[in-house]
1. Of the residues 136, 143, 148, which single one is within 19 Å of the chain's Cα centre (by Cα) and farther than 30 Å from residue 231 by Cα?
2. Out of all the residues in region 4-12, is one or more touching a residue at least 12 places away in the same chain (Cβ under 8 Å), within 17 Å of residue 136 (Cα to Cα) and outside any strand (DSSP E or B)?
3. Would you confirm whether any residue within region 183-191 is assigned to a loop (DSSP other than H, G, I, E, B), surrounded by 15 or more Cβ atoms within 10 Å (Cβ to Cβ), in the same structural domain as residue 229 (by TED's automatic domain parsing) and without any contact (Cβ under 8 Å) to a residue 60 or more places away in the chain?
4. With the requirement that a residue be closer than 21 Å to residue 90 by Cβ and either surrounded by fewer than 11 Cβ atoms within 10 Å (Cβ to Cβ) or free of Cβ contacts under 8 Å to residues at least 60 places away in the same chain (or both), what does region 218-239 give you?
5. What are the residues in region 190-211 that are within 30 Å of the chain's Cα centre (by Cα) and farther than 16 Å from residue 232 by Cβ, if any?
6. Can you tell me which condition residue 126 does not meet? The list is (1) farther than 22 Å from residue 57 by Cα; (2) in the same structural domain as residue 81 (by TED's automatic domain parsing), and all the others hold.
């Protein structure tokens, strides 16, 4: 599929007539705008007739699937991988900020920057929202999009785990009643090393909390990313 722009830059219908495209490029009637996806711009006046297309987005946690179709065929389709590790970036930024502030002899107290503006989103969610908007804008420069449909689904995760949950129980997460996250992880795993090949024969094993996704950069402290291991299993090799 070759995407086509008019002489004034407006979006026209893409074409599959590759021979005609090669001939126009050779005769100087068009020029290449970008290679991926392959897009040309006409150098002569033409009619601006287009068939409106509907862009569909399947929004996920790590990936966004997209497809633009009209009444006859699919014009463009693909999958976008969203940025990961925003929490780690925030932690690193906070660390450097604290170091910078500690070097100052005196820093006046400020309270005007403690309020979050209306409509504030967490950095990870803001990035996902901005990525969706940029994706729609980019596809709109390739095909004549007249309508955008975003498929989203809302799940009550707590109700999935506990169908009888109600009222104030929603305010009591899975760590409710435990003084810290580490205590909860040990209790959940029955204070036992979760490595099935554990060879530690000590009567009282020293336990530690291990990040399951450490090897692929996921060092978040959510319970689903933590597991109980003993000191003999919690080694750099197992990371």
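1. Values: 143 fails: within 19 Å of the chain's Cα centre (by Cα); 148 fails: within 19 Å of the chain's Cα centre (by Cα).
Only one candidate passes the filter, namely 136.
2. Among the residues of region 4-12, at least one is touching a residue at least 12 places away in the same chain (Cβ under 8 Å), within 17 Å of residue 136 (Cα to Cα) and outside any strand (DSSP E or B), which makes the answer yes.
3. Taking region 183-191 and keeping what is assigned to a loop (DSSP other than H, G, I, E, B), we get 189-191.
Then keep just the ones that are surrounded by 15 or more Cβ atoms within 10 Å (Cβ to Cβ); that gives 189.
Add one more test, that the residue is in the same structural domain as residue 229 (by TED's automatic domain parsing), and what stays is 189.
Now restrict to residues that are without any contact (Cβ under 8 Å) to a residue 60 or more places away in the chain: 189.
Checked against the condition, which is being assigned to a loop (DSSP other than H, G, I, E, B), surrounded by 15 or more Cβ atoms within 10 Å (Cβ to Cβ), in the same structural domain as residue 229 (by TED's automatic domain parsing) and without any contact (Cβ under 8 Å) to a residue 60 or more places away in the chain, region 183-191 yields at least one hit.
4. The answer is 221, 222, 223, 224, 225, 226.
5. 211 - this is the single residue of region 190-211 that is within 30 Å of the chain's Cα centre (by Cα) and farther than 16 Å from residue 232 by Cβ.
6. Status for residue 126: all satisfied but (1).
Each row is one residue, and each column tells you yes or no for (1) at pLDDT 80 or above; (2) closer than 30 Å to residue 60 by Cα; (3) touching a strand residue (DSSP E or B) at 6+ places or on another chain (Cβ under 6 Å).
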residue	(1), (2), (3)
97	yes, no, no
102	yes, no, no
108	no, no, no
111	no, no, no
118	yes, yes, no
121	yes, yes, no
141	yes, yes, no
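The values are calculated or read from the model by the stated rules, or taken from the named source; none is laboratory data. This is a predicted model, so every value here is computed, not measured. So basically every Cβ, Gly included, is an ideal-geometry build from the backbone, and we count neighbours across all protein chains shown.
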